[in-house]
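K.L.:
Here's a structure for you.
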Amino acid sequence: MAVQHIVLCLLCISPFANALYKQWIPDTNFENTTNWDKGSVPCGNDRVMFLADRKVSVYVETAHAITGMNLPMDGEFILASGAGFSVRDGGDPDCGSGVMAQFKDCESLKWFDPSLWVAAATIDYLHGGTYQFSVHEESVPCRFDDVIFREATSFRVDVSPNGDVPVKSVSVFGKKFISSSEFSQFLSSNSGKLQFHGSSSLSIGGPGCDDITGCVCGNSVNRDKICANVKCESLDCKTPLHPVGHCCDVCGAIVNVKFSLNFNFESYRQRLQHLFLSLHKYDSIKLAMSKVSKDQKLLGLFPFGVSQEIQVLLLDQKTGQETGKLAEVLARDIMKDIQNHGSNLGISSAEFQASSEASGNRAGVAAGAVLGSLVVVGLLVVFVILYRRGVVKIPRIPSIPSFSKWKNSSEVGELGGPLDHGFDNPMFDKPTMMPEEPGLYGTITKNSIAMTQSGVYFINPVYDESDLNA
Ligand SMILES: *[C@@H]1O[C@H](CO)[C@@H](O)[C@H](O)[C@H]1NC(C)=O
């Protein structure tokens, strides 16, 4: 009950969807030791050097004694009250013999680099350091996010390559810009020009996300720009997964959730947080939840539309033999929770994939499905050609039912025996699962959802809506 309470209360703080605060990490502050080549802020016997051909805006919080300074081509100091530079007579006894301290080059820090942002659901979480993990595309600000550059920091961000970058708002130095006109005024100021550079323009004042079931980030159009900044690690697992919106394959587990209109994205995220991630055994798990668009493919080949679902990506930080195993355990826990409470949560169905599963099953089924559908298409084509040429005649309609008989027989399951639905859950057998996609969907859901105890993931040969082949 206590848990339920917390969940409810967190809900009142952020009733809406998955809009986030995204905060830029690096700064160009004078006092930040990471900005200096020697790893420490220059002291009284040091000389300060800025790269001559660079532009930079530097926030200075306190007073500093130095012996001299080489200035950059274009730059500014933003001085907090009491801050400034002076030369101390007779040197600084606490400063050693004096060095040339060089300010780091911050020219290449890119807006589209996912490692340079942190995300949080509220401002309080942001300040408290309660960050959310996201897939790469969503680590970079989405169109409905509020973008924050920390108060009392200067920075330099490269917003390129070309393109329009829509966000809801941008806060700089404690001032929140919510319209493009206001922001372009700032951009034409000295600080604005030094802090933002590059060929893209930020467009501010987007509507934010007001869909309680969540919003699709919209950064898939920027995928190449984002992934250009990501280096993928080599993986230890048998069947790496390809999460939607992530630049790299991963070892872990993915739960794909189909939702109905009363699904609440943020409250479900909080639920997973409090029911599972707060458990000691799941300390090492990183969870990224997003609403994603998936192409629907008829026969696994022909795109005919887009469906939305909730992707829950689970990564444990284990290596070697252990990699992905804990994530799979959690995925099973989440499936159990959905089995018991899914209908109350607005979840109509779910399935999961785990990288620790043997590769044979899934890949085999997928390949079989594609092959099977190709054979069917091939036969139909041959038949039509022969029919047109008059080689074959159709006596009566009954030759068609044989096709639908084949379709029904897929009920039997790929492995010959009756399809193992795992735990017998009425929720997953409801024919009314996707209200948005009537017809086609309803009739075959029974096959495409295959939650079995072994986690094997069956694919209906007639209808493959996954992107396994993408
Ligand atoms: C200094 O900069 C680093 C990275 O640029 C950042 O992670 C860190 O929070 C900054 N330190 C302070 C005290 O702001």
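The values are calculated or read from the model by the stated rules, or taken from the named source; none is laboratory data. Everything numeric in this text was worked out from a predicted model, so none of it was measured. We place every Cβ from the backbone using ideal geometry, glycine too, and count neighbours over all the protein chains shown. To get the accessible areas, we keep the full protein, side chains included, count just its heavy atoms, and leave off ligands, DNA and RNA. Shrake-Rupley method; radii C 1.70, N 1.55, O 1.52, S 1.80 Å.
K.L.:
What base-10 log of the normalised intensity I(q)/I(0) is obtained for the stretch 164-299 from the Debye formula, alpha carbons as equal point scatterers, at q = 0.09, 0.16 Å⁻¹?
P.N.:
-0.43, -1.13
K.L.:
Note down the accessible area of PHE352, probe 1.4 Å, to the nearest 10 Å².
P.N.:
20
K.L.:
Pulled fully out, how much extra length does the chain show between VAL306 and THR34, if you take 0.36 nm times their separation in residues and subtract their Cα-Cα distance?
P.N.:
So the extension gain works out to 93.4 nm.
K.L.:
How much of the accessible area of the stretch 33-102, in percent, comes from carbon and sulfur atoms when a 1.4 Å probe is used?
P.N.:
50
K.L.:
Between beta-carbons, use under 11 Å as the cut-off and find the net charge around ASN45, counting Lys and Arg +1, Asp and Glu -1.
P.N.:
In short, -1.
K.L.:
Ranked from the most accessible area to the least, with a 1.4 Å probe and all protein chains present, what is the order of VAL255, VAL216?
P.N.:
Final ranking, largest accessible area leading: VAL216, VAL255.
K.L.:
Mind checking the full-extension length gain between ASP210 and THR319? Use 0.36 nm per residue of separation minus the Cα-Cα distance, one decimal, nm.
P.N.:
Separation in residues times 0.36 nm, less the Cα-Cα distance, equals 35.3 nm.
K.L.:
Here's a follow-up. Mind checking the stretch 85-170 for GluC sites (Glu not before Pro) that DSSP puts in a loop (not H, G, I, E or B) and that have at most 14 other Cβ atoms within 10 Å?
P.N.:
Within the stretch 85-170, the qualifying GluC sites (Glu not before Pro) (loop, at most 14 other Cβ atoms within 10 Å) are GLU107, GLU151.
K.L.:
Please list, ordered by chain and number, the residues whose modelled amide H lies under 5 Å from the amide H of ARG47; skip anything fewer than 5 residues away on the same chain.
P.N.:
THR67, VAL99, MET100, ALA101
K.L.:
Hey, rough spin-label estimate for THR122 and VAL221, points 7 angstrom out along Cα→Cβ, what's it come to in nanometres?
P.N.:
Using points 7 Å along Cα→Cβ, the separation is 3.3 nm.
K.L.:
Follow-up question, since we're still on this one. More than 27 Å apart: what percent of Cα pairs in the stretch 69-227 qualify?
P.N.:
When all Cα pairs of the stretch 69-227 are counted, 34 percent exceed 27 Å.
K.L.:
Put a dot 7 Å past each Cα toward the Cβ at ASP89 and SER184; how far apart are the dots in nm?
P.N.:
Distance between label points: 5.5 nm.
K.L.:
Pull up all non-local amide H partners of ILE148: gap of 5 or more, or a different chain, and H-to-H distance under 5 Å with H placed in the peptide plane.
P.N.:
Counting only residues 5 or more places away or on other chains, the set is LYS22, GLN23, TRP24, SER171.
K.L.:
Order these peptides, 171-182, 283-294, by their mean beta-carbon neighbour count within 10 angstrom, highest first.
P.N.:
In decreasing order of mean packing, 171-182, 283-294 become 283-294, 171-182.
K.L.:
Would you mind checking LYS22/LYS297; LYS55/LYS286; LYS176/LYS231; LYS38/LYS286; LYS231/LYS291 for any pair whose Cα atoms are more than 26 angstrom apart?
P.N.:
With Cα atoms farther than 26 Å apart: LYS22/LYS297; LYS55/LYS286; LYS176/LYS231; LYS38/LYS286.
K.L.:
Now for a separate question. Per the Kirkwood treatment, what hydrodynamic radius in Å, one decimal, follows for the stretch 33-102 from the mean inverse distance over all distinct Cα pairs?
P.N.:
Details: mean 1/r = 0.0798 Å⁻¹.
So the Kirkwood estimate lands at 12.5 Å.
K.L.:
Now for a different question. Between MET100 and ASN340, what is the spin-label point distance in nm, taking each point 7 Å from the Cα along the Cα→C-beta axis?
P.N.:
6.7
K.L.:
If R0 is 35 Å, what FRET efficiency do you get for ASP74 and ASP249 from their C-beta distance, rounded to 0.05?
P.N.:
On the way: r = 43 Å, r/R0 = 1.22.
Computed FRET efficiency for ASP74 and ASP249 comes out at 0.25.
K.L.:
Determine, from the Cβ-Cβ distance of ILE25 and LYS238 and an R0 of 35 Å, the FRET efficiency 1/(1 + (r/R0)^6), rounded to the nearest 0.05.
P.N.:
Taking R0 as 35 Å, the efficiency between ILE25 and LYS238 is 0.50.
K.L.:
Please report the spacing between the Cα centers of the stretch 269-295 and the stretch 52-119 in Å, no decimals.
P.N.:
40
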